[in-house]
Amino acid sequence: QVQLVESGGGLVQPGGSLRLSCAVSGIIFSNYDMGWYRQAPGKQRELVATINSGGSTDYADSVKGRFYISRDNGKNTAHLQMNMLEFEDTAVYYCNAALRGYRHYTYWGQGTQVTVSS
């Protein structure tokens, strides 16, 4: 019913860029806060960036100035532009949609692998 479909992951060299996309269906997209999370092997999932229903953004300190989150309510899509990628950015990246204040209304994408390697 609710689907978050991610795309854009892959292998990139240090200093390179990737743009992740998250296509959302089955919810009123404009009502939801959107976020990108990542999980590296053996580590906990961490929040990378958020953009709320009003368009306000926030970023983890480790990606500030390099990553940019955006949303297109007309296309029900969220993006994560990743620039100046580093080895430490290697992880599975997950898209999340959450209705603020309603803990049962949260949804996750399947994850997409980002590998930064020389």
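What the table shows:
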{"item": "Selection within the stretch 5-17 - assigned to a strand (DSSP E or B) and either crowded, with 21+ Cβ neighbours inside 10 Å or at positive phi (or both)", "result": "6, 10"}
{"item": "Residues located in the stretch 108-118, provided they are part of a loop (DSSP other than H, G, I, E, B) and either of a type in the set (A, V, I, L, M) or surrounded by 15 or more Cβ atoms within 10 Å (Cβ to Cβ) (or both)", "result": "109, 111"}
{"item": "Residue 60 vs. criteria surrounded by 15 or more Cβ atoms within 10 Å (Cβ to Cβ) and more than 16 Å from residue 19 (Cα to Cα)", "result": "yes"}
{"item": "Residue that is surrounded by the fewest Cβ atoms within 10 Å (Cβ to Cβ), among those in the stretch 28-57 that are hydrophobic (A, V, I, L, M, F, W, C) and part of a strand (DSSP E or B)", "result": "47"}
{"item": "Subset of the stretch 72-87 [over 23 Å from residue 33 (Cα atoms) and of a type in the set (D, E, K, R)]", "result": "86"}
{"item": "Condition met for residue 2 (surrounded by fewer than 17 Cβ atoms within 10 Å (Cβ to Cβ), of a type in the set (Val, Ile, Thr), on the phi < 0 side of the Ramachandran plot and touching a Ser or Thr at 6+ places or on another chain (Cβ under 9 Å))", "result": "yes"}
{"item": "From the options 72, 61, residue that is more than 21 Å from residue 24 (Cα to Cα), of a type in the set (D, E, K, R) and without any contact (Cβ under 8 Å) to a residue 12 or more places away in the chain", "result": "61"}
{"item": "Enumeration of residues in the stretch 18-27 that are β-branched (Val, Ile, Thr) and in a loop (DSSP other than H, G, I, E, B)", "result": "27"}
{"item": "Residues (of a type in the set (A, V, I, L, M), farther than 21 Å from residue 14 by Cα and either open to solvent by 60 Å² or more (accessible area, probe 1.4 Å) or assigned to a loop (DSSP other than H, G, I, E, B) (or both)) located in the stretch 63-107", "result": "99"}
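The values are calculated or read from the model by the stated rules, or taken from the named source; none is laboratory data. It should be emphasised that the depicted structure is a prediction, and the values quoted were computed from it without experimental measurement. Ideal geometry is used to build each Cβ from the backbone, glycine not excepted, and the neighbour counts take in all protein chains shown. Please note that ligands, DNA and RNA were not included when accessible areas were found on the heavy atoms of the full protein model with its side chains. Shrake-Rupley method; radii C 1.70, N 1.55, O 1.52, S 1.80 Å.
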